[in-house]
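Novice: Mind looking over this structure? Questions follow.
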């Protein structure tokens, strides 16, 4: 991450920015950070290397130039020569740069960007420990202006006693039954968590295919829905129960979410191949089924004609949106976004966040991570990106090779040369005094 890497330099006058493109991101995508006004950094989500730098260009005396504040920040991290070269880029005098950064600063910035992204999809997004760790990283990086990661939590805190549903019941059963490595990716692929009280076999299944759903946090309001530790637990789906032509959908709410927050939200059954909405319904808040559990939002939709066939082909999907007028994502884009969600789950499992599920062993966490990388690989392959699919497959295989070796989080896996994701403090320590 700290070694010099060749960055291609391009200037876009229309967008008023300079872009430095380095090594492309892998199957986990990239995460962004704005450490100073006019400077945006992008890091690979898995390896942490700097993948892209964007510098804003303004008009000074009628001439395109980089803001002095941005130049000063770049000089402090990457050196004066780099800052001067970027300052000359608007005149077309620079085509390529080899960036050399202060290792401790770039490492802290990379970790800060990944923390910011992980907090968004964490089952405990309101823990005060996110801000505490972010503040320490900002100090290490020498930041003087707050980033989004340094702001106060925008969602209410969650008690660790409320995290029991973050792993689907099917996965808990499989983990408890035969130990690490006793379940397969095929078993996990159909292990969504049904609504409370529903039988395990819920969706329209044909040839092993179940109607799939996805909580895409980019499509719903912030601070309303709580993602699960495993993507299969984001939404509870149930179709054709007792023969009724209905699809029931449940989503877990964050503490403090109200019916007013759900006013514009809709559940939709969509055909992503045709990019059309097949059915839609509003959500209503349901009281928890047991003491201490979270409130849920529930909706029932009419099962569209031909739903079983669409589910079998993989074109049918259930989604939540914050605006019913939002266009339907095509199948390829949905698979790309789902691949990133699986990568997020895999990295979280790699880090072994024992505060979220203290009953899981290191081997079980590692096995879960390997299975999540399998799902990530499948989605990247289906999306037409064999390169990222291959990288996801390789990481899953390396994790399986590490089973039994008990590698330490954040350290290289013996015999594999890979480095596991490190846990974030908010997920490693779920202290009721801190998290609510």
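The values are calculated or read from the model by the stated rules, or taken from the named source; none is laboratory data. This one's a predicted model, so the numbers in the text were calculated from it and none came from an experiment. Here Cβ is always computed from backbone atoms with ideal geometry, including for glycine, and neighbour counts include all displayed protein chains.
Novice: Of all residues in region 86-112, how many are under 21 Å from residue 14 (Cα atoms) and surrounded by 13 or more Cβ atoms within 10 Å (Cβ to Cβ)?
Specialist: So the first thing to find is which residues in region 86-112 are under 21 Å from residue 14 (Cα atoms), and the list is 86-96.
Right, trim to surrounded by 13 or more Cβ atoms within 10 Å (Cβ to Cβ) and you get 86-90, 94.
Number satisfying all stated conditions: 6.
Novice: Another question, then. Here are the criteria: (1) surrounded by fewer than 16 Cβ atoms within 10 Å (Cβ to Cβ); (2) touching a residue at least 40 places away in the same chain (Cβ under 8 Å). Tell me which single one residue 49 does not satisfy.
Specialist: (1)
Novice: So, in region 314-328, exactly how many residues are touching a residue at least 12 places away in the same chain (Cβ under 8 Å) and either on the phi > 0 side of the Ramachandran plot or surrounded by fewer than 15 Cβ atoms within 10 Å (Cβ to Cβ) (or both)? Steps first, please.
Specialist: Narrowing region 314-328 to residues touching a residue at least 12 places away in the same chain (Cβ under 8 Å): 314-324, 326-328.
Filter once more, so that each one left must be either on the phi > 0 side of the Ramachandran plot or surrounded by fewer than 15 Cβ atoms within 10 Å (Cβ to Cβ) (or both): 314, 323-324, 326-327.
Number of matching residues: 5.
Novice: In region 8-21, what residues are touching a residue at least 24 places away in the same chain (Cβ under 8 Å) and surrounded by fewer than 20 Cβ atoms within 10 Å (Cβ to Cβ)? It would help to see each step written out before you state the result.
Specialist: Residues of region 8-21 that are touching a residue at least 24 places away in the same chain (Cβ under 8 Å), as a first pass: 8-9, 11, 13, 16-21.
Selection gives 8, 11, 13, 16, 17, 19, 21.
Novice: For region 233-289, which residues satisfy the criterion of being under 23 Å from residue 125 (Cβ atoms) and without any contact (Cβ under 8 Å) to a residue 12 or more places away in the chain?
Specialist: If the condition is that a residue be under 23 Å from residue 125 (Cβ atoms) and without any contact (Cβ under 8 Å) to a residue 12 or more places away in the chain, then 260, 263, 287, 288 are the ones that fit.
Novice: On the given criteria, is residue 136 modelled with pLDDT of 90 or more, surrounded by fewer than 22 Cβ atoms within 10 Å (Cβ to Cβ), within 16 Å of residue 39 (Cβ to Cβ) and outside the structural domain of residue 226 (by TED's automatic domain parsing)?
Specialist: Working: modelled with pLDDT of 90 or more: yes; surrounded by fewer than 22 Cβ atoms within 10 Å (Cβ to Cβ): yes; within 16 Å of residue 39 (Cβ to Cβ): no; outside the structural domain of residue 226 (by TED's automatic domain parsing): yes.
Criteria not met by residue 136.
Novice: Does residue 25 fit the bill of being more than 21 Å from residue 119 (Cβ to Cβ) and in the same structural domain as residue 112 (by TED's automatic domain parsing)? Outline the logic, then answer.
Specialist: Values: more than 21 Å from residue 119 (Cβ to Cβ): no; in the same structural domain as residue 112 (by TED's automatic domain parsing): yes.
Answer is no for this residue.
Novice: If you don't mind, there's one more thing I want to ask. Name the single residue that is nearest to the chain's Cα centre (by Cα) among those in region 360-370 being farther than 14 Å from residue 398 by Cβ and in a helix (DSSP H, G or I).
Specialist: Residues of region 360-370 that are farther than 14 Å from residue 398 by Cβ, as a first pass: 360-365, 368.
Next, from what is left, pick out any that are in a helix (DSSP H, G or I): 362-365, 368.
Numbers: 362: 22, 363: 23, 364: 21, 365: 17, 368: 16 Å.
In this case the residue turns out to be 368.
Novice: Can you name the residue in region 229-242 that is outside any loop (DSSP other than H, G, I, E, B) and modelled with pLDDT under 85 and, of all such residues, is nearest to residue 346 (Cα to Cα)? Full working, then the answer.
Specialist: Within region 229-242, the first condition is being outside any loop (DSSP other than H, G, I, E, B), and the residues that meet it are 231-233, 235-239, 241-242.
If we keep only those that are modelled with pLDDT under 85 as well, we get 232-233, 241-242.
Numbers: 232: 13, 233: 14, 241: 32, 242: 35 Å.
Selected residue: 232.
Novice: Can you pull out every residue in region 255-287 that is touching a strand residue (DSSP E or B) at 6+ places or on another chain (Cβ under 7 Å) and under 20 Å from residue 223 (Cβ atoms)?
Specialist: Within region 255-287, 259, 262, 265, 266, 267, 282, 283, 284, 285, 286 meet the criteria.
Novice: Hey, another quick one. Looking for whichever is over 33 Å from the mean Cα position of the chain (by Cα) and part of a helix (DSSP H, G or I) here; the options are 87, 69, 76. Which one fits? Give the derivation first.
Specialist: On the way: 69 fails: over 33 Å from the mean Cα position of the chain (by Cα); 76 fails: over 33 Å from the mean Cα position of the chain (by Cα).
Answer to the check: 87.
Novice: Right, something else. Of the residues 55, 31, only one is over 23 Å from the mean Cα position of the chain (by Cα) and either outside any loop (DSSP other than H, G, I, E, B) or surrounded by fewer than 18 Cβ atoms within 10 Å (Cβ to Cβ) (or both); which?
Specialist: Working: 31 fails: over 23 Å from the mean Cα position of the chain (by Cα).
Unique residue meeting the criteria: 55.
Novice: Then there's this: Check whether at least one residue in region 53-71 is in the same structural domain as residue 24 (by TED's automatic domain parsing), within 30 Å of residue 398 (Cβ to Cβ) and at pLDDT 85 or above, and report yes or no.
Specialist: Start the filter on region 53-71 by keeping residues that are in the same structural domain as residue 24 (by TED's automatic domain parsing), which leaves 53-71.
This time we only want the ones that are within 30 Å of residue 398 (Cβ to Cβ), so: 53.
Within this subset, residues satisfying the condition of being at pLDDT 85 or above are 53.
For region 53-71, residues in the same structural domain as residue 24 (by TED's automatic domain parsing), within 30 Å of residue 398 (Cβ to Cβ) and at pLDDT 85 or above: present.
Novice: Let me ask another. Look at region 377-436 and say how many of its residues are outside any loop (DSSP other than H, G, I, E, B), more than 30 Å from residue 135 (Cα to Cα), modelled with pLDDT under 90 and touching a helix residue (DSSP H, G or I) at 6+ places or on another chain (Cβ under 7 Å).
Specialist: Residues that pass the stated criteria total 3.
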